[in-house]
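S.K.: Attaching a single structure in structure tokens format; questions to follow.
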Amino acid sequence: MRAWIVDRPGPVAGGPLRLVDRDVPEPGPGEVRVHIAVCGVCRTDLHLAEGDLPPRRPGVVPGHEIVGRVDAVGAGAERFAVGDRAGIAWLRHTDGRCRFCLRGDENLCVSPGFTGWDADGGYAEAAVVDERYAYRLPERFSDEEAAPLLCAGIIGYRALERARLPPGGRLGIYGFGASAHLTAQIAEAQGAAVHVVTRAPQAQRLALELGAEWAGGLDDAPPEPLDAAILFAPVGNLVLPALAALDRGATLAIAGIHLTDVPVLSYERHLFEERSVTSVTANTRADGEELLRLAAHIRPRVETVPYPLERADEALADLANDRVNGVAVLRIAA
């Protein structure tokens with residue numbers, strides 16, 4: 001099968017990915033194999049390719065927003081049958097025994113496994129996964145629409161929960177890419193007024209099209225104090241203006257897996273009056289199931305930019321250079 005691997009991590013302009021031929025993987029006990037139709041392109045893939053996230057094994061296949069059909073079932077697997085549509089997301093293993101798993105916080109598991117980092121992901125024609133970590137997908141979404149929900153949607157939903165936005169509150173969103181454009185629609189459906197800060201004019205226009213109350217550039221401040229904010233852009237310098245825009249008692253949730261260094265904070269300006277900063281590590285499977293139920297109900301508009309599998313490296317380069325307005329997705333099989 002065709003697959004892209006992280007060959008030599010480094011700047012995307014230097015070509016860190018390489019297209020290779022790989023044996024089709026066989027599902028082990030409790031696993032299913034998915035013949036991949038679509039895989040979303042996530043900023044985490046870019047961090048992996050460029051070395052911000054060191055690959056955990058050589059030649060790993062990136063990609064963790066995988067949608068396809070089960071075409072083989074391992075011994076003992078019973079949740080899915082051949083022909084079922086299934087989704088594979090970022091979280092693919094937890095030990096189930098550590099103190100975090102036992103208290104219901106499997107996103108904090110001390111020995112987790114992740115798709116496209118610890119194990120081969122979706123920039124390929126097939127992938128295997130423990131069926132307990134695969135998702136059934138709402139039929140109302142096409143494969144291309146469903147793929148971004150599996151990371152951009154899930155992590156955005158968890159970030160929104162972590163931000164503790166009060167009902168009908170004012171939400172600030174910093175950066176407006178794949179995750180942000182879905183999260184904004186979920187917040188709006190719940191009655192929030194959304195304010196977006198992003199450097200790309202086309203992203204500002206998309207934010208307003210999708211119902212944002214206001215959209216501005218990086219040097220602009222939201223027109224009113226924020227009850228909560230989410231930082232999606234992996235830019236530590238944005239932490240300070242985001243905190244400064246918060247109202248009393250509000251929370252900034254940082255949603256990325258990688259962030260450049262945060263400048264020195266002023267306690268009086270940025271944190272006093274019970275403002276808080278929190279982070280988002282990964283999601284639980286319950287987060288994923290809840291996001292998919294919610295998305296099926298409100299049906300957010302999923303803005304996608306398709307690429308064939310052969311142009312995965314180009315998709316990553318476009319993402320790195322803010323040329324993707326929405327979510328880049330790889331079309332792999334009909």
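No value in this document is a laboratory result; all are computed from the given coordinates. Everything numeric in this text was worked out from a predicted model, so none of it was measured. Neighbour counts run over all protein chains shown; Cβ positions are idealised from the backbone, glycine included.
S.K.: Would you mind classifying the range 154-279 by shape? Square roots of the alpha carbon gyration tensor eigenvalues, ordered a ≥ b ≥ c; an a/c under 1.5 is rounded, otherwise it is prolate if a/b is larger than b/c and oblate if not. Present the calculation step by step, with values, prior to reporting the outcome.
M.R.: Numbers: a/c = 1.42, a/b = 1.25, b/c = 1.14.
Rounded shape, in that the Cα axes give a/c under 1.5.
S.K.: Here's something else I'd like to know. Return the calculated 222 nm mean residue ellipticity for the chain, to the nearest 500 deg cm²/dmol, obtained by summing -39500 (n - 2.57) across DSSP H runs with n ≥ 4 and dividing by the residue count.
M.R.: That calculation yields -6500 deg cm²/dmol at 222 nm.
S.K.: Would you mind calculating the relative contact order of the range 154-279 from Cα pairs under 8 angstrom and at least 6 residues apart, reporting the percent as a whole number?
M.R.: 26
S.K.: Compare the peptides 223-230, 2-9 by average per-residue count of other Cβ atoms within 10 angstrom and give them in order, highest first.
M.R.: Working: 223-230: 21.5, 2-9: 19.6.
Descending packing order for the listed peptides: 223-230, 2-9.
S.K.: At 7 Å along the Cα-to-beta-carbon direction for both R8 and R311, put a label point, then send me their distance in nm to one decimal.
M.R.: 2.6
S.K.: State the extension gain, in nm to one decimal, for the chain segment bounded by C98 and V262, taking 0.36 nm per residue of separation less the distance between their alpha-carbons.
M.R.: 55.9 nm
S.K.: Follow-up. Set Lys and Arg Cβ to +1 and Asp and Glu Cβ to -1, take the dipole of the chain about its Cα centre, and tell me which of H297, Q204, G14 lies farthest positive.
M.R.: H297
S.K.: Place a +1 charge on the Cβ of each Lys and Arg in the range 216-334 and a -1 charge on the Cβ of each Asp and Glu, then give the dipole magnitude about the Cα centre in debye, rounded to the nearest 20.
M.R.: Using only the charged Cβ atoms, the result is roughly 400 debye.
S.K.: Let me ask another. Using a simple charge model, +1 on the beta-carbon of Lys and Arg, -1 on the beta-carbon of Asp and Glu, nothing else, what dipole does the range 154-279 show about its Cα centre, in debye to the nearest 20? Working shown, then result.
M.R.: Numbers: 9 positive and 13 negative charges, 52 e Å.
With only Lys, Arg, Asp and Glu charged at Cβ, the dipole is about 260 debye.
S.K.: Take every DSSP beta bridge with both residues inside the chain and express the antiparallel ones as a percent of the total, to the nearest 5.
M.R.: If we restrict to bridges inside the chain, about 50 percent are antiparallel.
S.K.: Hey, rough spin-label estimate for R269 and A244, points 7 angstrom out along Cα→Cβ, what's it come to in nanometres?
M.R.: In this crude spin-label approximation the distance works out to 0.5 nm.
S.K.: Right, next: What residue among A119, A81, C39 has its Cα farthest toward the positive end of the dipole of the chain, where the charges are +1 on Lys, Arg and -1 on Asp, Glu, each on the Cβ?
M.R.: Most positive-ward Cα: A81.
S.K.: Rank-order 322-332, 185-195 by packing density, defined as the average count of other C-beta atoms within 10 Å over each peptide's residues, highest first.
M.R.: Ranked from most to least packed, the peptides come out as 322-332, 185-195.
S.K.: Quote the relative contact order of the chain in percent (integer), defining contacts as alpha-carbon pairs under 8 Å separated by 6+ residues.
M.R.: Computed value for the chain: 19 percent relative contact order.
S.K.: Starting from the Cα of E290, step 7 Å along the direction of its Cβ; do the same at D21; then give the gap between the two resulting points in nm.
M.R.: With each label point 7 Å from Cα toward Cβ, the separation is 4.7 nm.
S.K.: Find the eigenvalues of the gyration tensor of the Cα atoms of the chain, then list the square roots of 5 times those eigenvalues as equivalent ellipsoid semi-axes, largest first, in whole angstrom.
M.R.: In descending order, the three semi-axes are 33, 21, 19 Å.
S.K.: With springs only between Cα atoms under 10 Å, which of T44, T183, T260 fluctuates most in a Gaussian network model of the chain?
M.R.: T260
S.K.: Name the residue from A192, L165, L182 whose Cα lies farthest towards the positive end of the charge dipole of the range 154-279, charges +1 on Cβ of Lys and Arg and -1 on Cβ of Asp and Glu.
M.R.: Among A192, L165, L182, the one farthest towards the positive end of the dipole of the range 154-279 is L182.
S.K.: Can you give the charge dipole size of the range 58-203 about its Cα centre, rounded to the nearest 20 debye, using +1 on the beta carbon of Lys and Arg and -1 on the beta carbon of Asp and Glu?
M.R.: 700
S.K.: Mind ordering 71-84, 243-256, 122-135 by average Cβ neighbours within 10 Å, highest first?
M.R.: 122-135, 243-256, 71-84
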